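The values are calculated or read from the model by the stated rules, or taken from the named source; none is laboratory data. The model shown is predicted, which means the values in this text are computed figures rather than measured ones. Note that each Cβ is placed from the backbone with ideal geometry, even for glycine, and that neighbours are counted across all protein chains shown.
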Amino acid sequence: MATINYYLDKADKKGLSPIHLRINCNSKQIKASTGSKVKVKDFDKDTQQVKATTDNSNEINHYLSYLKDRADELLNRSYKKAFTNKEIKEKLNDFIANYKEDHNVNIVREQLALYGNPFTFIDLFAGAGGFSEGLIQAEVNNKFFDFLVANDINENCELTHVVRYNHQLGLDAKFLCQDITEPDFLDNLLKKIGDKKVDVVCGGPPCQSFSLAGKRRKFDKKDDLFSHYLQVIKVLQPKYFVMENVKGILTKEGGKIKELILKDINSIVDIKEIPKLTSFIKSLKKTNKKDEFIIDCLIKRIEIEQYSEKKAEEAKEAFIKTVDSKFRLLTPKIVDYKTSKMDQRISTIRHGFNLLQRGKEWEVLKRKIIREKDHCNIDNDYFVEHFNDFISELAPEEIIKKIKEAFKRLNVPKKFFSDCNDILTALQIYTFGFDDTIQFLNKFCNKKQDKELVEIIEEIRLYKIEAPFVANASNYGVPQNRERVLFIGCRKDQKFISEIPATVTEDEKVTIFEALYDLDFVGNNDEARHYELVDISKQYNGTAKKMKSLLSKRTIEGVPNNKTGKTFSDWSKKGRLNGRFVNAKKPFYVRNTEDLENGIKEYNVLHNHKTSKQSETVIKRLDIILKEGNYRRAYDKLNKCGLSSNKRNYNVLQAEGQSPTVMTIPDDYIHYNTPRALTVREMARLQSFDDSFVFQGKRSTGGNNRKTEVPQYTLVGNAVPPLLARAVATEILKNIK
């Protein structure tokens, strides 16, 4: 049994004594300098801790306890029973070196010294930062990306971002932890961006947020995130934007959602060109004198497109006031005084205008109701329909429908039909998108004007996009068959990008074995903080030759290259970051933001490689499924052994193939060689994250906590694979001007 303690060495000129770790085992002694110094009076020999009166005592004591625990784990709790002095020193010095490096004063950590001017990007719905990671890795002919701002609503996303990009890589990237639907989101985003231009926006609004107008009956927190994402694009007008989503978005609601997305993207206009269009519309009054009011409404609707959110709301209110004024002038002509004051139909029309004028206030209220509804888990119960009905009634389309019904029930004299129709048409225009407005405008144009309008619209559309692109991550060096849809918006002054070329062929794809074999040294309820040597010959015995044949030296992108390439696992250890980050600090883990502020960090060599504690029953169940190779084939055997499960599916990973889509629940997957679930690090490898990318905070969560918490497994499972993002970024850098 080894004994481990701390002692103080001789004091330096400042009166500070270095703290040394001392290990006694079998009459042998090992000493190591911890890198921390303290005054003799401030060190308590009995507790082996620095006294609370000392600066940074919490941080130093956490480090000393952590280092002592690692030494104890190595010597007294390890499956390995024999170590050389050199082995022990090497392993402990890894922890100590990382601590020392993190506490060295580094006056200048300039990452961009050898590079030209970068192109900038922001990452919305960033999660762990898969998109961000891919973009900062990319480099083409001295062109690269500078990271400005990331956004998400969860604190653990922010913590993971801050540790990776600010502390570890030394970037000045900001994080906005706020819901994109909140009224001041855009203002806060613009403050974070400052005076910099944004060249690229990336991000993927959750697929639940896509729905057709009039069919939004779910009303959860993800409702309508897509329109807010596009609002950011409208304001920032980047050179390119990339919107990522699940493949199912293409067939959702019979393909109508895809068409709606394309239509909305094509509706983003070049603000500078708006006056040209409004001048053209004004000219239509000459040939359409009876329709001057409607044409004026079309002009007002088009002008809204050029305004920021606050001014757009004011313009919408002004639009409704114009229509309301027309109705006020019409009222005494179609009903008597008493009816105008008491009649339910007239009141419905008037109050409808009031509701529409207060559109912004109702939107704020609607978001609060949805948030509270979500907080109280209102779904699949007697309450949900009434809540949804009420929220539906707040939509402008529903309000206008009731105004229309009220007009229908009024016995309006024939000579005023035209005025009533003008009011209803104006309200219809109010709900139009840009494309709907242009389509409606066609009815006022002759052939010559039609041609002129087409030319103006070609000029006014800001982004080119023809169709979404389906990208399989395995085509870009990721050991995972993860299909994602990419909507790539290209600003009209930039080269058009319609697809992302694959970096590997079908025969060159990275296998699961390549990605994970070197991590296969952990047992049940085990945590590894160092890499251990995996001997394939011993581990696989009769199949060792076959398993070794699965290993291939490659470029970062996955292309086989025996001369200068590395295996996928070696790239994961070395890291795929480009030369800007030679001064990056060693990775570390913290439990939460408070620990980060207090310096309570874990300086491991290997992070996030911890297995779950599984019962004997679970291990036997997984073992049977693993040996059968398939959950369905294992049904009968599991039933006979009394090991059946209510779980819908287990995915048995095949060493020689690619994994299915990595999700957020580790128990869905069985390791190809061992009856266990995957660790966070193994799932991160399947996503193509470098080992130096540490997922912070809680490892997992369950129950209702899944609605609000984003633990490590969720961060990994929801991420865009960095190598897929890298391929996207590379293609943009090849084309961007």
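Picking from residues in region 259-293 that are among the small types (G, A, S) and within 46 Å of the chain's Cα centre (by Cα), the one that is modelled with the highest pLDDT is S279.
Residues in region 56-97 that are assigned to a loop (DSSP other than H, G, I, E, B) and either modelled with pLDDT under 80 or in contact with a strand residue (DSSP E or B) (Cβ under 7 Å, 6 or more places away or on another chain) (or both): R77, S78, Y79, K80, K81, A82, F83, T84.
Within region 717-737, being farther than 13 Å from F145 by Cβ and of a type in the set (G, A, S) holds for G717, A719, A727. Residue-level check: of (1) within 17 Å of R591 (Cα to Cα); (2) surrounded by fewer than 24 Cβ atoms within 10 Å (Cβ to Cβ); (3) out of contact with any helix residue (DSSP H, G or I) (no Cβ under 7 Å at 6 or more places or on another chain), E155 misses just (3).
Could you tell me whether region 301-312 includes any residue that is closer than 13 Å to L356 by Cβ, touching a helix residue (DSSP H, G or I) at 6+ places or on another chain (Cβ under 8 Å) and in a helix (DSSP H, G or I)?
Scanning region 301-312 turns up no residue that is closer than 13 Å to L356 by Cβ, touching a helix residue (DSSP H, G or I) at 6+ places or on another chain (Cβ under 8 Å) and in a helix (DSSP H, G or I).
Has region 694-714 got any residue that is surrounded by 19 or more Cβ atoms within 10 Å (Cβ to Cβ), at positive phi, under 21 Å from the mean Cα position of the chain (by Cα) and in the same structural domain as P587 (by TED's automatic domain parsing)? Yes: one or more hits. For region 311-348, taking the residues that are without any contact (Cβ under 8 Å) to a residue 12 or more places away in the chain and under 30 Å from V269 (Cβ atoms), the one that is surrounded by the most Cβ atoms within 10 Å (Cβ to Cβ) is identified as A312.
When D667, D636 are checked against the criterion of being in a helix (DSSP H, G or I) and buried (at least 16 other Cβ atoms within 10 Å of the Cβ), a single residue qualifies: D667. Could you tell me whether D55 is over 23 Å from E602 (Cβ atoms) and surrounded by fewer than 18 Cβ atoms within 10 Å (Cβ to Cβ)? It is false that D55 is over 23 Å from E602 (Cβ atoms) and surrounded by fewer than 18 Cβ atoms within 10 Å (Cβ to Cβ).
Within region 453-501, being among the polar types (S, T, N, Q) and modelled with pLDDT of 95 or more holds for N472, S474, N475, Q480, N481, Q494. Residue count for region 252-291 under the criterion of being under 20 Å from E452 (Cβ atoms) and not small (G, A, S): the result is 20.
Scanning region 243-283 for residues that are over 16 Å from P205 (Cα atoms) and among the charged types (D, E, K, R) returns E253, K256, E259, K263, D270, K272, E273, K276, K282. Where helices (runs of 4 or more DSSP H) fall entirely within region 343-427, those with at least 1 residues that are under 25 Å from K300 (Cβ atoms) and of a type outside the set (K, R) are at 344-357, 359-375, 396-409. Checking the structure you have, find out if any residue of region 147-157 is at pLDDT 95 or above and of a type in the set (V, I, T). The answer is yes, given that some residue of region 147-157 is at pLDDT 95 or above and of a type in the set (V, I, T).
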